[in-house]
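So the structure is just underneath, and the comments pick up after that.
Throughout, read-outs are computed from the coordinates displayed, never taken from laboratory work. The structure presented is a predicted model; accordingly, all values stated were derived computationally and were not measured. Cβ sites come from the backbone with ideal geometry, for glycine too, and all protein chains shown count toward neighbours.
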Amino acid sequence: MVILVAENLFQDKTLLTQDHLRALTDALDSGAFVQVRRMLNHLPAPTIAHLLESSPIKTREVLWKMVEKDNEGEVLNYLNFDIQTDILNKLSPEEVASITEGLDTDDIADILQNLPEKVIYGVLHAMDAQDRNRLVAVLSYPEDSAGGLLNTDTITVRRSHTLDVVLRYLRRHDEIPEMTDNILVVDRDDILLGILPLRKLLVSDPDQTVEDVMITDFKAIPVAMDQKEVAHLFEQMDWISAPVVDEAGKLLGRITIDDIVDVIREESDHSIKSMAGLGAAEDTFAPVLRTARHRAVWLGINLITAFVASAVISQFSATIDKVVALAVLMSIVASMGGIAGNQTQTMIIRSMALGQIGSTNSMWLMKREVAVATINSLLWGFVAAAVTVWWFNDMTLGYIFAAAMVINLMTAALSGVFLPLALRSINIDPALAGGVILTTITDVTGFLSFLGLASFFY
């Protein structure tokens, strides 16, 4: 009965992966491995990869062994870095070369980039000469550059050819490369001259030459361009693919939208997880010791910053002993500053990732955030003071609380803008380090302003 329900479920590929995972787990528990293998390989490669990423280690190992050999490379391509590495480290170079055979050059490069050099050399040695030369060309570029994303599988023609000749040339192929929306026009030295959109090729007079209908007013991507800038261009221009050239204008390959989607997803994951001190490709179901090791570093850094804040508090212990209300209220000042600073910093980091912030507008943003902080600090400072006076029946304490709130919120706003810009200028990832530094600043400023003012007035 379990197997019948599971097989019916797997007929609908639109159902949630968790439903697939539950059905597979039930089938595995019942010992029906043959049926599980059939159900698993009935799914598309991205869904199989998602199932593996959503499974605990032992279940994942069993499922991976059941993936058909012909599907392993495609599934591997969709797995995150941690899981890819775990699988590849257990294979010989010959097995890696066999698994990745048939994948696009850029996908193979992505898989091999983070493996030991000895393994990479072994994989290259196991390939045929043509595939090896293509892969070496891609691996020679930085992973986060346009060269690291390019695919050498392109269709090129000469400008003197007629469209009829081009059409007959295309029909000789069993299929054309995926996401081909333009045919690239080059000269005898492979210098890129223009692009021939398929939409124009199919409706133009076959007797016309390529030069008559090709587009010369286009933007080719320099091979050294950062992948973030490439992603911005794709977003702005609504490209499906784009040619990549070297400094001399020689065509090297093309970048397709599927690779750009991966870049955008990786950048998004990186920004979110970095704020918590986590790796972008961290495996959700990684072993306990590995996960603990990854998280320990930032917990240790946070502990140090907490001691710094506590050291500030300890300098005012005598004042706190006299006015117990200070111990009740001081965490509120630090908390409000932390929230305000994170709001500003998150907005700035996002805008930086989108390429919207530079030297021309950063000062304007600083002034805008100060103005916003002024409004909010006065508003909530007044509210906080009113509540404090009502609660403790102490007008002086209300004034101190409001003043400390204004000081900390203003500091948080300035830090939220300045920190990401400063960290980027010294090549430190703002998403990774900004949160810890900002929290320290708002905590120290909040405690120092609140307790310092209290010491002065009391």
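A few points about this structure:
- Percent RCO, i.e. relative contact order, over region 288-457, from Cα pairs under 8 Å lying at least 6 residues apart: 37
- With Rh defined as the Kirkwood radius, the inverse of the mean 1/r over Cα pairs, the Rg/Rh of the chain is 1.10.
- Equivalent ellipsoid dimensions for region 2-149 as semi-axes, Å, which come from the Cα gyration tensor, largest first: 33, 14, 13
- Amide H contacts under 5 Å for residue 245, placed H, 5+ residues apart: 221, 223, 252
- Listed by Cβ neighbour count within 10 Å, with the fewest neighbours leading, 228, 90 appear as 90, 228.
- Across the cross-link table entries 228/367; 58/90; 219/250; 90/118; 90/228, which are compared at the Cα atoms, the separations over 23 Å belong to 228/367; 90/228.
- Shape call, region 156-258: gyration tensor on alpha carbons, a/c limit 1.5: prolate
- Across q = 0.12 Å⁻¹, region 288-457 modelled as identical point scatterers on its alpha-carbon atoms has Debye log10 I(q)/I(0) values of -0.60, in the order of the q list.
- Proxy reagent accessibility, fewest Cβ within 10 Å first, across 234, 457: 457, 234
- Annotation: amide H of residue 183 within the under-5 Å range of 196, 198, sequence separation 5 or more or interchain, hydrogens built in the peptide plane.
- Exposure proxy ranking, count of Cβ atoms within 10 Å, fewest first, for 377, 30: 30, 377
- Dipole-positive endmost among 412, 431, 458 within the chain (Cβ charges, Cα centre): 458
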